[in-house]
1. Specify which of the listed residues (GLY26, GLY60) is within 17 Å of the chain's Cα centre (by Cα) and modelled with pLDDT under 95.
2. Look through region 21-51, keep the residues that are within 22 Å of ILE75 (Cα to Cα) and of a type in the set (Val, Ile, Thr), and return whichever of them is surrounded by the fewest Cβ atoms within 10 Å (Cβ to Cβ).
3. Quick check: is even one residue across region 69-81 modelled with pLDDT of 95 or more, among the charged types (D, E, K, R) and surrounded by fewer than 20 Cβ atoms within 10 Å (Cβ to Cβ)?
4. Filter region 37-86 for residues that are over 24 Å from LEU177 (Cβ atoms) and in contact (Cβ under 8 Å) with a residue 40 or more places away in the chain and give the result.
5. Say we look at region 6-20 and pick out the residues that are crowded, with 16+ Cβ neighbours inside 10 Å and in contact (Cβ under 8 Å) with a residue 24 or more places away in the chain; which of these is nearest to SER65 (Cα to Cα)?
6. Is there a residue in region 87-101 that is touching a residue at least 60 places away in the same chain (Cβ under 8 Å) and part of a helix (DSSP H, G or I)?
Amino acid sequence: NAQLCARLQDGSVQVGEETIDARHAGDIPINEVFLDRDVSANPVAVRAIHSAELIVLGPGDLYTSVLPSLLVPGIPEAIRSSSARKVYVCNLVNKPGQLGGANASLLIKEVLYYMGAAAKLDMVVVNSGNLSNIAGAPPIQFDSEVCADLVGKVVRAPVAGAVGALHHPGRLARAVLGWGY
């Protein structure tokens, strides 16, 4: 039982997923996330990671959904040592107060950083569809050359859902599994 914490660029700390998630545009940017106490990985989870054929990180808010799992000692190590293909599903939009004007490569770099030294991703999924239905949150920009240098394969596909900043489950599954898995 641990609380997610975010250290902001001014050195202040916000505690709790809800507090971090409720940030607004113009807030001081997040510098890092961490847990407020020592925890250990569930051995069942570590075994499942080791026996997986495919590991998908995301979709979800980078700082409050994707990265928290990588803060648990034993989980990033299990992912790195797993022979499974590793996929990161990039956010659709720049969540106000969390990502600022981030592009896809910044998100990929954050995931790789929290995965630890020598981490690699086999693929990243980036939305190529229209996001005009999402008010107040600009889409994540795709910087193709930088992304190509960071990840084995970049798949651009229309994975956004019809409403809100959510991925469409069927489109996302086709993008991941259509990769030749």
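The values are calculated or read from the model by the stated rules, or taken from the named source; none is laboratory data. Because the structure is a prediction, the values reported are computed rather than measured. Cβ sites come from the backbone with ideal geometry, for glycine too, and all protein chains shown count toward neighbours.
1. GLY60
2. Filtering first and then ranking leaves VAL44.
3. So far as region 69-81 goes, yes, one or more of its residues are modelled with pLDDT of 95 or more, among the charged types (D, E, K, R) and surrounded by fewer than 20 Cβ atoms within 10 Å (Cβ to Cβ).
4. Within region 37-86, TYR63, THR64, LEU67, PRO68, LEU71, PRO76 qualify.
5. Among residues in region 6-20 that are crowded, with 16+ Cβ neighbours inside 10 Å and in contact (Cβ under 8 Å) with a residue 24 or more places away in the chain, the one nearest to SER65 (Cα to Cα) is GLU17.
6. No, because not a single residue in region 87-101 is touching a residue at least 60 places away in the same chain (Cβ under 8 Å) and part of a helix (DSSP H, G or I).
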